[in-house]
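Read through the structure below, which is laid out as structure tokens, and then see the notes.
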Amino acid sequence: MKKIFTVLFAFALFACSSKAETLDGDYVLQNAPEGAEITLSLANGHYSGKSGVNNYFGSYTTDGEKIRFDRGGLTMMMGPENLMQAEQDYLNTLFKVESYHLSGKTLMLDVSNASSLTFEKK
């Protein structure tokens with residue numbers, strides 16, 4: 001009987017582990033505009049990446065399937081107008097993200113108006 005409780009306790013601990021841990025990794029945006037390299041790295045509640053032209057960084061929080069990215073910081077380099085626009089669109093969407101879904105190597109970040117960002121883990 002003691003072994004059964006130990007096994008059940010171990011399963012309960014595993015089931016209650018933080019979703020942020022499962023999100024940790026390096027991702028590439030799959031639905032990025034042509035020519036835009038957009039990446040997202042998640043580690044221990046912090047994010048960073050390349051947003052088209054500039055590098056960006058900050059922190060994020062999760063609660064179940066909900067996720068929120070703070071506005072963090074951004075380098076201030078100029079680039080081609082199409083990449084600057086792609087960067088602005090991406091960051092505007094990222095800061096509106098409300099939930100996520102992780103399936104294998106695919107990370108979907110969803111906004112309530114049905115838009116989403118689809119990432120593939122490197």
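So that you can scan it fast, the table gives a plain yes or no per residue for (1) touching a residue at least 60 places away in the same chain (Cβ under 8 Å); (2) within 15 Å of Asn82 (Cβ to Cβ):
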| residue | (1), (2) |
| --- | --- |
| Gly25 | yes, no |
| Glu34 | no, yes |
| Ser41 | no, no |
| Ser48 | no, no |
| Asn55 | no, no |
| Thr62 | no, no |
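Quick check on Val7: is it of a type in the set (A, V, I, L, M) and either closer than 20 Å to Ser115 by Cβ or at pLDDT 95 or above (or both)?
No.
Under 23 Å from Thr22 (Cβ atoms) and touching a helix residue (DSSP H, G or I) at 6+ places or on another chain (Cβ under 7 Å): which single residue out of Phe57, Phe69 fits that description? If you could, list the steps in order and put the result at the bottom.
Working: Phe57 fails: touching a helix residue (DSSP H, G or I) at 6+ places or on another chain (Cβ under 7 Å).
Only one candidate qualifies: Phe69.
Taking Lys50, is it under 14 Å from the mean Cα position of the chain (by Cα), closer than 20 Å to Lys122 by Cα, modelled with pLDDT of 95 or more and of a type in the set (D, E, K, R)? Give the derivation first.
Values: under 14 Å from the mean Cα position of the chain (by Cα): yes; closer than 20 Å to Lys122 by Cα: yes; modelled with pLDDT of 95 or more: yes; of a type in the set (D, E, K, R): yes.
For Lys50, the condition - under 14 Å from the mean Cα position of the chain (by Cα), closer than 20 Å to Lys122 by Cα, modelled with pLDDT of 95 or more and of a type in the set (D, E, K, R) - is met.
Quick one: which strands (runs of 3 or more DSSP E) lie wholly within region 63-122 and hold at least 1 residues that are among the aliphatic types (A, V, I, L, M) and in contact with a strand residue (DSSP E or B) (Cβ under 6 Å, 6 or more places away or on another chain)? Before you say what the answer is, go through the steps one by one.
Numbers: elements: 66-69, 99-103, 106-110, 116-121.
The strands (runs of 3 or more DSSP E) meeting that bar are 66-69, 106-110, 116-121.
Step by step: first the residues of region 73-114, then only those that are loosely packed, with under 12 Cβ neighbours inside 10 Å and of a type in the set (S, T, N, Q), then the one that is modelled with the highest pLDDT. Which residue is that?
Applying the filter and picking the extreme gives Thr75.
For region 46-60, how many residues are among the polar types (S, T, N, Q) and farther than 18 Å from Ala36 by Cβ?
Of the residues in region 46-60, the ones among the polar types (S, T, N, Q) are 48, 51, 54-55, 59.
So of that shortlist, the ones also farther than 18 Å from Ala36 by Cβ come out as 59.
Adding up the residues that qualify gives 1.
Among the residues of region 50-62, write down those that are part of a loop (DSSP other than H, G, I, E, B) and under 16 Å from Thr118 (Cα atoms).
First, pick out the residues of region 50-62 that are part of a loop (DSSP other than H, G, I, E, B): 52-54.
If the condition is that a residue be part of a loop (DSSP other than H, G, I, E, B) and under 16 Å from Thr118 (Cα atoms), then Gly52 is the only one that fits.
Identify all residues within region 23-39 that are within 10 Å of the chain's Cα centre (by Cα) and either within 13 Å of Phe95 (Cα to Cα) or acidic (Asp, Glu) (or both); write none if there are none.
Of everything in region 23-39, those that are within 10 Å of the chain's Cα centre (by Cα) and either within 13 Å of Phe95 (Cα to Cα) or acidic (Asp, Glu) (or both) turn out to be Asp24, Asp26.
Give the residues of region 65-122 that are among the β-branched types (Val, Ile, Thr) and more than 19 Å from Ser41 (Cβ to Cβ), sorted by residue number. It would help to see each step written out before you state the result.
In the first step, residues of region 65-122 are kept if they are among the β-branched types (Val, Ile, Thr); the result is 67, 75, 93, 97, 106, 111, 118.
Listed by number, the list holds a single entry, Val111.
Do you know which of the residues in region 28-44 that are among the small types (Gly, Ala, Ser) and loosely packed, with under 15 Cβ neighbours inside 10 Å is modelled with the highest pLDDT? Full working, then the answer.
Taking region 28-44 as the starting set, the residues that turn out to be among the small types (Gly, Ala, Ser) are 32, 35-36, 41, 43.
Then drop every residue that is not loosely packed, with under 15 Cβ neighbours inside 10 Å, which leaves 35, 43.
Details: Gly35: 92, Ala43: 97.
By that ranking, first place goes to Ala43.
Taking region 75-118, which residues are within 17 Å of Ile38 (Cα to Cα) and among the small types (Gly, Ala, Ser)?
Residues satisfying the conditions are Gly79, Ala86, Ser115, Ser116.
The values are calculated or read from the model by the stated rules, or taken from the named source; none is laboratory data. Computed from a prediction, not measured in an experiment: that's the story for all the values here. All Cβ positions, even for glycine, are placed from backbone atoms using ideal geometry, and neighbour counts span all protein chains on display.
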